[in-house]
Every structure is written in C-alpha cells, then in structure tokens.
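Reviewing the structure listed below.
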Amino acid sequence: MPTTDSHHWRDIAAGTAVAGMLLPEAVAYASIAGVPTVHALIAALVGLCIYPLFGSSRFATVAPTSSAAAIFASMVATSGTASGYALVGLTGGLFLLAALFRMEFLAAFISRPVLRGFSWALAFTIIVKQLPHLAGLPAAGGTVFQILAELWHRAGEWQGMSMQWGTAAIALWLGLYRARRRRPWLQPSLLTMAAGIAASHMLQPGAAGMSLVGLVDLEGLSLRWPQLDEQGWLHAAQLSPALLMILFAESWGASRSLALQKGDEISARRELLGLGAANLATSLVQGLPVGAGFSASAASFSAGARSKLAGVVAACAIGLIVWLLRGELALLPLPVLAAIVVCILLHNVSPMPLLSSLRAGSDAWLALVAIAGVLTTGVLSGMLLAVGLSVALAIKRFSQPIWTELGQLPGTRDYVDIAQHAEAVRRPGMLIVRPEEPVFFANAERIFQEVRDAARRDDIRSVILSMEICDDLDTTSVEALAELRSDLAARKQVLSLARLKDRPRQALLRFDATTNGGRATHAAENLFWSVDDAVQAMTP
C-alpha cells in the first residue's frame, strides 16, 4: 500500500509537470487578454494557492483559461483595463454569494450544446486573433470577419520573418505533441517556448524589428481594489453574472468528470467558494479571471496527483521560474507565442464533437446559434447570448402548461396517464389531473386555466390535482390555486389536492392564515396524501 511520503512525491512530480504546462499557457493567455504577462502569472499563482483552501476537488487546477482571457480582453477593449479587473472582482463576489445562498444549480443553466458552441467559437476567435501576430502585423480588433478582412487587405504588409518563426514554432509544437504519445512527460508548449527563447537569444530577431514579449515587470503589481467610476462598475456588474455561469459551468464540468473517474465526491458549494475566493483575490492584485480548465486539471490527473498539494507545488515552481528567468522570458518572440496559442487551441476547434451532437438531434442546434452569435457580434455579446439562450430555454421548458389526465388501473389503487395506458379508466364525475412540470409563477395560471376549461364537462363534480411534482409553491401559484378553487365552487365543483408535499402544504395553509380573514380557502380537509384517498373522499 502506498505510503504518505510516496503520495507527496507523486504530488510534487505532478505539480512540476503542471507548472511546465501552465507557464507557457499563462504567457499565452496574457497575450489573448491584451495585458502584460505578469497579470496572467500572478493570477495563476493566486488561483493555485487560494483554491485548495476552499475547493473540494483534488485535481482541479485553477488558473487563467483561454475563455476567461478572451472575455476579459473584450471587456478591456470596450471599457478599459480597470473594468476588466472590476469584472473579475465582482464575479468572485457573486461566486461567494452563490455559495452562501446555495445556488449550486447555476451550472445547470448553461446547456451543453450552448457551452460547446460557445467554446468552439471562442477558440476559433482566439486563433483568428493570433493571425496578425503570425503575419508580423499589429493586433487587430473587431469580429472574426473584420479581422480576416483586414488581414486580406494588408496582405502586402505581411512580414516574411515573422511568418517563418511562427511556422517553425507550429511545426515544432506538433512534432513534440506527436512524440508525447510515446513520452508522456514531454511538454510541447514549454519546450516550444524554450526553443523560441534560445533561438531569439542567438539570432536577435528583435533587432530586426520583430516584436518580443518584453520584460515581466513585477513592480507594477499592488494590492488595491479597481478604481472606476459608477458607470464602469455598472457595466462590470451587468456582465459578471454571465461570466460566473460560464466559468462555473466549465470548472464544474472539469472537476466533476475527473472526480467520477476516481470515485471522489465533490461539493458544488465548496467549488463556488474556491472559485469565488480565487477570483476575488486575483482581482485585488490585478490578475486575470481564473477557473478550473479541463486541460490543466486533466494534466494534473494524468501526472498522478493525489492531493491538492500538486497545485501548490505548481504555484511554487512557476513563481521560482518567473523570479529567476524573467530576463529570458522577455526574449520570447510574439510570433512564437502566437503559434503556441494556436496549437493549444487546435483541439478545441475540431468539428467532430459538434457534428456528433448535431447527428444526435434534440436541442443540439443551439450550438450553431451560439457559434453564430460569437462570430458575428463578438465575445461579450456572444457570451450574453449563450447564457441568455440557455436561461430562456430553461424558462420556456418549465413554463409550458404540461399536464396529463389520470385514470385508475383496474383492480389497483394506482392512477396513471390515460393517454399512455388504454386500460386506465376515468372515475365517474371526477377529473383527475397531474402537472408534469413544477408549478411556479411562469406556468401556474396557464396550467390552472386549462384545468378549468377541461372541467367544464357537465358530468364533473370534483377536480383532483395530483401535485407530487411540486416541491414548493410560490405566491403566484398559491393565488392561482385559490382562484381555481373559487371558479370551480361557483360551478358547484370541488377542488382537492393530492400527494401534496410538506412545503407546498404549509404554503397553502399560511396563505389561508394571512388572507380572507383566516377563512380556509385551501381547507385542510381537501388536502390528501394520495390520489386514492382524494378519490375515496370525493366519491358520493
């Protein structure tokens, strides 16, 4: 049986391997975000050190991600750098509030097709934005189509030397990636970056006009809250809920999938706490937003990590490299860095997952809508579209007035859907119905109106609602029930509720106690624990 010391050595080895992956990615994501490299590196250090204090996953590697960097860049492009850090801080605060109020369900509001489409379009956008660097041109703004159009118009200005360096870096990365199948310890991004720095040191491309990463200036960091006017804070506040949902959906998906492979149990509330504390802390030191990216977390898993110590070791290794090799990092040519970004994201733009989803049908078409939104309107608008689309579909799904009429299976006390069971029979003089979605403010009035219409048959004396699908009832639902009871009573019909759980039962009784002078609108004698009890009570 492995000893604790052997576990520690495995964590140290895994943390070192993860550092080798995260260092070039952090440099690359700083380029995506359009900020100095130090802001991505400090975010990686903070995320790796803060998350283990609160998070529940032993494999989650919390650091800057490509999607978070792209969203941050779009925010900075429209409102300035301070707004970007404010967005990070507000998102961290929302994570903490979500943990406090147990809002773990937030991740479920981003459907997988929408998240898959958004991620694909985001990766494609990032790759296109690296093309000017590969061509030796200044960074271009706008949508994907605007960037491509500008590149086409400036084709005569492309720099041959930059293209050669970028092409060589891509070829080296791809060769190392293939060799990794036989030698898993190889880190294509780290080795490509090291080769680029070494070649830059020998050939001095900066002297010929090629752009370099530049010095990692640690003195520019300070512990402070972003300085913004009221309008800037409002803009950041409008986008922070969407960024929270994107980050949590990605992070929860990565953490949960790895935990399931090892039989671990992770807590969604603790994940919210860990991500919230990490983002709040990185905002205070002007870092990029952080999340548990799947590639980095999977690297920790594959490298044999056994505990959260691996993340702390990775932070220490990154910090040591940055402290000792800042001068060398400054020599990295931008075309080489752009090539590393392109290669890192190549697997994200594979069309196969999208095609597989589309062949599956159902709501997979939403991925195409998310892609179109990001590519035509930009990252921020595309993010809002993706989140809004998911939420709108969830609301639409729950707000449908779906209900079924129940009949009794002969010789039993069971009541089933008449449309699905031909042998089920209606009880004389009764209409027995069951809502098939939780009843709440968006669908209550429509469901009860359809029940009211169905009860207009002359032979109906009583209506029984089987409410087992409802865990609670909001004010709108309770009032709509009271209106339904009154309308039925005016037609000499009785409304009874069956299979009512404790929380909705208490909500109805509280409503009686606070309205109508205490008159029992929802009388206790018309609330039953089973459909058969209600049927027996309503049988003459």
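The values are calculated or read from the model by the stated rules, or taken from the named source; none is laboratory data. Quick caveat, the model's predicted, so the values are computed rather than measured. Positions of Cβ are generated from backbone atoms using ideal geometry, with glycine treated the same way; all protein chains shown enter the neighbour counts. Surface accessibility is based on the protein's heavy atoms, side chains included, excluding ligands, DNA and RNA. Shrake-Rupley method; radii C 1.70, N 1.55, O 1.52, S 1.80 Å.
Table for the structure above
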| quantity | calculated |
| --- | --- |
| Lone unmet requirement of (1) farther than 25 Å from Lys396 by Cβ; (2) surrounded by 15 or more Cβ atoms within 10 Å (Cβ to Cβ); (3) modelled with pLDDT of 90 or more for Met538 | (3) |
| Filter result for the condition that a residue is open to solvent by 60 Å² or more (accessible area, probe 1.4 Å), over 18 Å from Met538 (Cα atoms) and touching a residue at least 24 places away in the same chain (Cβ under 8 Å), over Asp471, Asp453 | Asp471 |
| Criterion violated by Pro52 - all others in (1) in contact with a strand residue (DSSP E or B) (Cβ under 9 Å, 6 or more places away or on another chain); (2) assigned to a loop (DSSP other than H, G, I, E, B); (3) open to solvent by 20 Å² or more (accessible area, probe 1.4 Å) satisfied | (2) |
| Cross-chain or 6+ apart pairs with Cβ under 7 Å, region 406-432 first and in contact (Cβ under 8 Å) with a residue 40 or more places away in the chain, then of a type in the set (Gly, Ala, Ser) and assigned to a loop (DSSP other than H, G, I, E, B) | Gln408/Ala424 |
| Pick from region 74-85, criterion of a type in the set (A, V, I, L, M, F, W, C) and either surrounded by fewer than 24 Cβ atoms within 10 Å (Cβ to Cβ) or touching a Pro at 6+ places or on another chain (Cβ under 9 Å) (or both), ranking: nearest to Val46 (Cα to Cα) | Ala82 |
| Close pairs from region 13-30: first farther than 19 Å from Cys343 by Cβ, partner aliphatic (A, V, I, L, M) and not in a helix (DSSP H, G or I), Cβ under 7 Å, at least 6 apart | Ala13/Ala303; Ala14/Ala303; Ala14/Ala305 |
| Some residue of region 157-164 being open to solvent by less than 50 Å² (accessible area, probe 1.4 Å), touching an Asp or Glu at 6+ places or on another chain (Cβ under 7 Å), modelled with pLDDT of 90 or more and hydroxyl-bearing (Ser, Thr, Tyr) | no |
| Unique residue being in contact with a Gly (Cβ under 6 Å, 6 or more places away or on another chain) and either at pLDDT 90 or above or surrounded by fewer than 24 Cβ atoms within 10 Å (Cβ to Cβ) (or both) when the list is Ala123, Ala43 | Ala43 |
| Helices (runs of 4 or more DSSP H) contained entirely in region 366-480, each with at least 3 residues that are of a type in the set (Gly, Ala, Ser) and under 30 Å from Ile147 (Cβ atoms) | 366-377, 379-399 |
| Residue tally, condition part of a helix (DSSP H, G or I) and open to solvent by less than 70 Å² (accessible area, probe 1.4 Å), over region 126-147 | 11 |
| Any hit, region 292-315, residues being more than 20 Å from the chain's Cα centre (by Cα), within 21 Å of Val35 (Cβ to Cβ) and not basic (Lys, Arg) | yes |
| Residue in region 391-404 that is under 22 Å from Asp532 (Cα atoms), in contact (Cβ under 8 Å) with a residue 24 or more places away in the chain and open to solvent by less than 40 Å² (accessible area, probe 1.4 Å) present | yes |
| Top-ranked residue in region 86-115 [being surrounded by fewer than 21 Cβ atoms within 10 Å (Cβ to Cβ) and under 13 Å from the mean Cα position of the chain (by Cα); ranked as nearest to Ala268 (Cα to Cα)] | Glu104 |
| Boolean, Ala305 is of a type outside the set (Val, Ile, Thr) and more than 15 Å from Gly55 (Cβ to Cβ) | no |
| For Leu151: the one exception among (1) buried (at least 18 other Cβ atoms within 10 Å of the Cβ); (2) closer than 30 Å to Leu228 by Cα; (3) not polar (S, T, N, Q) | (2) |
| In region 488-497, the residues that are part of a helix (DSSP H, G or I) and open to solvent by 60 Å² or more (accessible area, probe 1.4 Å) | Ala490 |
| Answer from Leu172, Leu176, Leu191 - the residue that is touching a Ser or Thr at 6+ places or on another chain (Cβ under 6 Å) and without any contact (Cβ under 8 Å) to a residue 60 or more places away in the chain | Leu172 |
| Conditions (1) over 22 Å from Asp417 (Cα atoms); (2) touching a residue at least 24 places away in the same chain (Cβ under 8 Å); (3) open to solvent by 60 Å² or more (accessible area, probe 1.4 Å): number failed by Gln506 | (2) |
| Subset tally (residues that are touching a helix residue (DSSP H, G or I) at 6+ places or on another chain (Cβ under 6 Å) and more than 19 Å from Trp185 (Cβ to Cβ)) for region 277-310 | 19 |
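Yes/no per residue for (1) surrounded by fewer than 19 Cβ atoms within 10 Å (Cβ to Cβ); (2) more than 26 Å from Ser66 (Cβ to Cβ); (3) of a type outside the set (Ser, Thr, Tyr):
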{"site": "Ser350", "(1), (2), (3)": "yes, no, no"}
{"site": "Ala370", "(1), (2), (3)": "no, no, yes"}
{"site": "Pro410", "(1), (2), (3)": "yes, yes, yes"}
{"site": "Gln420", "(1), (2), (3)": "yes, yes, yes"}
{"site": "Val439", "(1), (2), (3)": "no, yes, yes"}
{"site": "Asn443", "(1), (2), (3)": "no, yes, yes"}
{"site": "Gln449", "(1), (2), (3)": "yes, yes, yes"}
